[in-house]
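Worksheet for the structure shown next.
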Amino acid sequence: MGLGGCEEVGRSSFLLDIGDKILLECGIKLTPKETEYPLQVKTNLDVVIISHAHLDHSGNLPHLFLESNPLCYMTQPTLDLADLLWHDSLKIAGIEGTEEKFSVKEIKRTRKYSFAIGYNRKMPITKKCTLEFFNAGHILGSAMTKLSFENRTMLYTGDFKVEETRLLTKADLNVGNVDFVVIESTYGDREHPDRKKTERDFVEAVQDTVDNGGIALVPAFAVGRSHEIIDVLHEYKLNASIYLDGMAKKAAQITMNYPKFLKDPKFLGKALNATKWVKNERQRNKIVEEPCVIVTTAGMLEGGPALSYIKRIHADENSSILLTGFQVSETKGNRLLKTGKIEIDGIEFKPKCRVQKFDFSAHAGQSELLYALNKWSPEKVFIVHGEKEVAHTFSKKIKEDLGINAVVLKQGKIQKLD
Ligand SMILES: [Zn+2]
Ligand SMILES: [Zn+2]
């Protein structure tokens, strides 16, 4: 049953009932107006599985520990990164005076009841069910989940990337036989532009900005994207000072604790060492006096140091704001792209500097999704984690191209496996 993340991107949460009750994900959906939660779990859970740290998959997990103590399984980097994001949610709630659905106490209990497991190791999680994680290539520690029960097998992809990135190796699609697949469909209706070309165009835009005496502001997600960008800038030997700011710094420290989960930890280590980490507001004032690159959170301009930098550089025609991630509609980043305007602390700015978006997506595009499904050839596919129209378009495409039965999972509705 889908509790969230059905015909939408966000608040992923799916309940699998095989006699044992297994919850896949416990996410939230952050919108500029409010936080949306998945439907409440109305049964005693045996196990919760979290595929990766992003809040749309992990954000509501501590809330479950207000009234229960289910066992949770995820990789160790997922636990550490989620822990960082949970504490950050509490901090933001404190600043904004909004109510959070859990406290530090529940975060501690979540950690206590969480078991970290690595990739490619079979683990019995209930009397009936065995779990195995496979690398999903999406962010540090992201996993695809294979469940085996009563001679049946199910693969839940979580968010995954078939192509390798600078930061991570590609998803491990060799998962063995699967009868059912629950698949994400974020880009189920379209393809990504060529990655190498995106990288080149991006670095060129950064170099042009700096050569013209401007500041290249690069808003990026704290977990994953910011480090991918640092890697790319280093790879192309960008000739300029590079700064890292915001929560991306703490996430970088966690990332470097897990070299085995990275494609080239030495390279990232070198790239991060060559990057200057911004400590405070005074330093922010100082660094914008000289041309440079600043990689900072928030990726969709919904807070973080990125906004304070925009206030400093908006009037400078030589500077640029180079967005590197998906911009959810109604976020400040999305509005800036659409209208050329951005509101910060109640004041509307119309930046004169260049504003551009680059597709550094960590999700599989349509043909990659189909390639994976064709390889797995399951009996039946359940589609999640995609906007309504996208999910249904993808469903049709699976039936037409692969002849596999595909259904779009619906919020609150029970869906039989067979
Ligand atoms: Zn994700
Ligand atoms: Zn997601």
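Data table
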{"quantity": "Rounded accessible area of Lys352 (nearest 10 Å², 1.4 Å probe)", "calculated": "130 Å²"}
{"quantity": "Heavy-atom accessible area per residue - the stretch 195-357, 1.4 Å, Å²", "calculated": "47 Å²"}
{"quantity": "For the stretch 12-18, 3J(HN,Hα) per residue [Karplus equation, 6.51 cos²θ - 1.76 cosθ + 1.60, θ = phi - 60°, Hz, x = Gly/Pro]", "calculated": "4, 5, 10, 9, 9, 10, 10"}
{"quantity": "Rounded tilt (10° steps) of 225-235 against the dominant C-alpha axis of the chain", "calculated": "60 degrees"}
{"quantity": "Cα gyration tensor shape for the stretch 38-104, rounded if a/c is under 1.5, else prolate or oblate", "calculated": "oblate"}
{"quantity": "Using alpha-carbon coordinates, inclination of helix 195-211 to the longest axis of the chain, degrees", "calculated": "20 degrees"}
{"quantity": "Cα centroid separation, the stretch 357-409 to the stretch 141-189 (Å)", "calculated": "12 Å"}
{"quantity": "Area of Lys396 that stays accessible when all protein chains are in place (1.4 Å probe, Å², to 10)", "calculated": "130 Å²"}
{"quantity": "Accessible surface of the stretch 195-357, 1.4 Å probe, proportion on carbon and sulfur as whole %", "calculated": "46 percent"}
{"quantity": "Difference of contour (0.36 nm per residue) and Cα-Cα distance, Glu348 to Gln411", "calculated": "18.9 nm"}
{"quantity": "Mean separation of Cα contacts under 8 Å (6+ apart) over length of the chain, as relative contact order %", "calculated": "19 percent"}
{"quantity": "Rel. contact order, % - alpha carbon contacts under 8 angstrom, at least six apart, the stretch 195-357", "calculated": "31 percent"}
{"quantity": "Distant-in-sequence amide H partners of Trp277 (H built 1.01 Å from N, under 5 Å)", "calculated": "Leu244"}
{"quantity": "Backbone HN-Hα couplings from phi across the stretch 271-277 [Karplus 6.51/-1.76/1.60, Hz, Gly and Pro as x]", "calculated": "4, 5, 5, 7, 9, 8, 9"}
{"quantity": "Cα long-axis angle, helix 388-402 against the chain (0 to 90 degrees, to the nearest 10)", "calculated": "60 degrees"}
{"quantity": "Length-normalised contact order of the stretch 294-334 in % [C-alpha pairs under 8 Å, at least 6 apart]", "calculated": "47 percent"}
{"quantity": "For Asn151, net neighbour charge (Lys/Arg +1, Asp/Glu -1) across residues whose Cβ lies under 12 Å away", "calculated": "0"}
{"quantity": "Arg190 accessible area, assembled protein chains, probe 1.4 Å, Å²", "calculated": "90 Å²"}
{"quantity": "For the stretch 305-367: rounded, prolate or oblate by the Cα gyration tensor [a/c cutoff 1.5]", "calculated": "prolate"}
{"quantity": "Tensor-based shape of the chain (alpha-carbon gyration tensor, a/c under 1.5 rounded, otherwise prolate or oblate)", "calculated": "prolate"}
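The values are calculated or read from the model by the stated rules, or taken from the named source; none is laboratory data. Note that this is a predicted model, so its numbers are computed, not measured. Neighbour counts run over all protein chains shown; Cβ positions are idealised from the backbone, glycine included. Only protein heavy atoms, including side chains, enter the accessible area calculation; ligands, DNA and RNA are left aside. Shrake-Rupley method; radii C 1.70, N 1.55, O 1.52, S 1.80 Å.
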